[in-house]
Amino acid sequence: YVGDFKILMPFAGTVTGIYGFLDKAVGAADALVTPKNNAGTTMTSGVLTFTASDPKGTAETSTPSANNTFIAGDVLTFTTSGGSAAGVAQLSITYTRTS
C-alpha cells in the first residue's frame, strides 16, 4: 500500500514517537513511512525505513524532534513509498496531549 494515509487529531499535542512493524515482507526496494504535520512538512527524525527484503515482523521506531506539533482539527499525514512490493506496516503513534 503506497500513498498518503491521514489521521485527524481531535486535540492539541506533540508526536513523541512512531513505531511500525511489518505485516508483510518488504520486496526488492526499501520502504519508507514519512510522517508529516498539518502543513505537509516532514517531521524531523521521524521517518521509518524498512530495508529491502526485511521479513514480516520487522519493527522500526523513530522519535520526531521538530515539525511534530498539532492542534485540534489538524490532519497528520503518513506517506508511504517503496514500489509495488513494499510490504505492509502497522503504525502506532505516541504523543503528549497539550489540551
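The values are calculated or read from the model by the stated rules, or taken from the named source; none is laboratory data. Every value quoted in this text rests on a predicted model; they were computed, and no experiment measured them. Positions of Cβ are backbone-derived with ideal geometry, glycine not excepted, and every protein chain shown enters the neighbour counts. Each accessible area value is taken on the protein alone, full model and side chains, heavy atoms only, with ligands, DNA and RNA left out. Shrake-Rupley method; radii C 1.70, N 1.55, O 1.52, S 1.80 Å.
On the beta carbon distance between V88 and N38, with R0 = 22 Å, the FRET formula returns roughly 0.30. When each of the peptides 2-15, 20-33 is scored by the mean number of other C-beta atoms lying within 10 Å of its residues, the order from highest to lowest reads 20-33, 2-15.
Given [x] 76; [y] 171; [z] 109, which label gives volume of the Cα convex hull per residue in Å³ as computed from the coordinates? Given [x] 76; [y] 171; [z] 109, the calculated one carries the label [x]. Taking the Cα centre of the chain as reference, the dipole from Cβ charges on Lys and Arg (+1) and Asp and Glu (-1) amounts to some 160 debye. Annotation: extensible slack from V47 through D23 equals 6.8 nm (criterion: 0.36 nm per residue apart, minus Cα-Cα distance).
For the chain, the solvent-accessible area with a 1.4 angstrom probe is 52 square angstrom per residue. For the chain, the relative contact order is 49 percent, taking Cα pairs closer than 8 Å that sit 6 or more residues apart in sequence and dividing their mean separation by the residue count. The alpha carbons of segment 27-81 occupy a box of 37, 18, 16 Å along the principal axes, longest dimension given first. Only one residue of A25, G82, M43 has its Cα farthest out toward the positive end of the dipole of the chain, where Lys and Arg carry +1 and Asp and Glu -1 on Cβ, and that residue is M43.
Just the protein heavy atoms count here, and of the accessible area of the chain at 1.4 Å, carbon and sulfur take up 55 percent.
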